Ligand code: NAD
Ligand code: WQD
């Protein structure tokens, strides 16, 4: 299939492009390089021997985006492009709504105009909010989101669902990612945090590689195995492979499906820290702090639907996630 990948030079997008190309698909990337670098194209080419087509276009620029549709006959779209920093979304909500909602609507309108009927959208476990019991099941529906970023994911899910109710020939898979971490085992692509990382593993990676002194653990008084927060971490390469299955599913079914992508198993902050210590061969200092506002105690996926509909099951374990993260972090430092 010829697939448009918005946000394809980003963290999850770049890994997905690799898996799509390796599965025999043709990839065209649209990205404005707001949070990624053009060098990623060289890295994708080094890994799979094929360089994806690339357009430096902002999805808010509808005319620019339309040119991409005019020049290509797409069968499907995987839509990653968007802003993703939870705290920032609280500070500048309109910027988040503009980019993640107005930008997405431009894309969906062009898909309609050019009759591109198959879509995979990057949603998030954050849409469950704090309303439900773990494991989170797709049938729970949408919870109460706690920040504008999460609300943009929820609104996109609603928009796509309505759009497809109005046009029964459309097809969409809304993937609710849990906590993607790790990097490609080549060490060539991975997550490059912008400024001080908010997320756990990018922060641990910077402590392990000497860029920060210690990890601040946000609370150890939750009702969990050791009191620290529990999350369902999934290797980004597993997540990328799920996209290949999801887009192939979308191309052969009609309607809208919401599907969790996680491992179905949670790890506490300290369990992740210890796995990372094993991966980097050194102790990682930490201090226990107060809880971070907005955090929930435990979050992990019910993965049955992904297994049943997509025949997808994550294979990489937490040790491998940390090893791959550390390799990429060390390579990044060598390059600087
Ligand atoms: P990322 O920031 O690495 O990738 C997003 C890409 O989109 C970047 O390359 C950025 O330059 C591009 N982009 C942003 N706005 C754009 C615009 N207006 N026009 C064109 N390109 C634009 O983020 P990621 O971690 O790869 O996340 C990809 C998607 O998955 C996002 O939609 C994110 O919200 C979602 N998601 C991420 C996580 C996570 O923990 N990383 C979890 C759940 C969902
Ligand atoms: C994980 C655990 C923290 C940092 C976020 C978004 C979510 C999704 C994934 C996009 C928690 C603890 C963290 C640190 C810590 N993104 N922690 N010290 O909050 O589960 O999810 O990213 O959709 O929407 O909210 O991920 O990595 O920030 O935190 O102790 O320096 O690690 O309290 O228990 P989270 P996270």
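The values are calculated or read from the model by the stated rules, or taken from the named source; none is laboratory data. Just so it is clear, the model here is predicted, and its values are computed rather than measured. We place every Cβ from the backbone using ideal geometry, glycine too, and count neighbours over all the protein chains shown.
Worth pointing out:
- Of everything listed in (1) touching a residue at least 60 places away in the same chain (Cβ under 8 Å); (2) surrounded by fewer than 18 Cβ atoms within 10 Å (Cβ to Cβ); (3) over 14 Å from residue 10 (Cβ atoms), the single unmet condition for residue 89 is (2).
- Candidates are the residues of the range 116-137 that are free of Cβ contacts under 8 Å to residues at least 60 places away in the same chain and within 14 Å of residue 164 (Cβ to Cβ); the one that is farthest from ligand 2 (Cβ to nearest atom) is 117.
- Residue list for the range 288-317, restricted to those being within 13 Å of ligand 2 (Cβ to nearest atom) and either touching a helix residue (DSSP H, G or I) at 6+ places or on another chain (Cβ under 8 Å) or in a helix (DSSP H, G or I) (or both): 294, 299, 301
- Residue within the range 288-295 that is under 25 Å from residue 154 (Cα atoms) and within 21 Å of the chain's Cα centre (by Cα) present: yes
- Being in a helix (DSSP H, G or I), in contact with a strand residue (DSSP E or B) (Cβ under 8 Å, 6 or more places away or on another chain), surrounded by 14 or more Cβ atoms within 10 Å (Cβ to Cβ) and in contact (Cβ under 8 Å) with a residue 40 or more places away in the chain is true of residue 249.
- First in the range 209-222 and free of Cβ contacts under 8 Å to residues at least 24 places away in the same chain and under 17 Å from residue 271 (Cβ atoms), second anywhere and within 16 Å of ligand 1 (Cβ to nearest atom) and part of a loop (DSSP other than H, G, I, E, B), Cβ under 9 Å, 6 or more apart: none
- Of the residues examined, residue 193 is one that is surrounded by fewer than 23 Cβ atoms within 10 Å (Cβ to Cβ), within 13 Å of ligand 2 (Cβ to nearest atom), within 19 Å of the chain's Cα centre (by Cα) and in a loop (DSSP other than H, G, I, E, B).
- Condition met for residue 206 (outside any helix (DSSP H, G or I), more than 8 Å from ligand 2 (Cβ to nearest atom) and at pLDDT 95 or above): no
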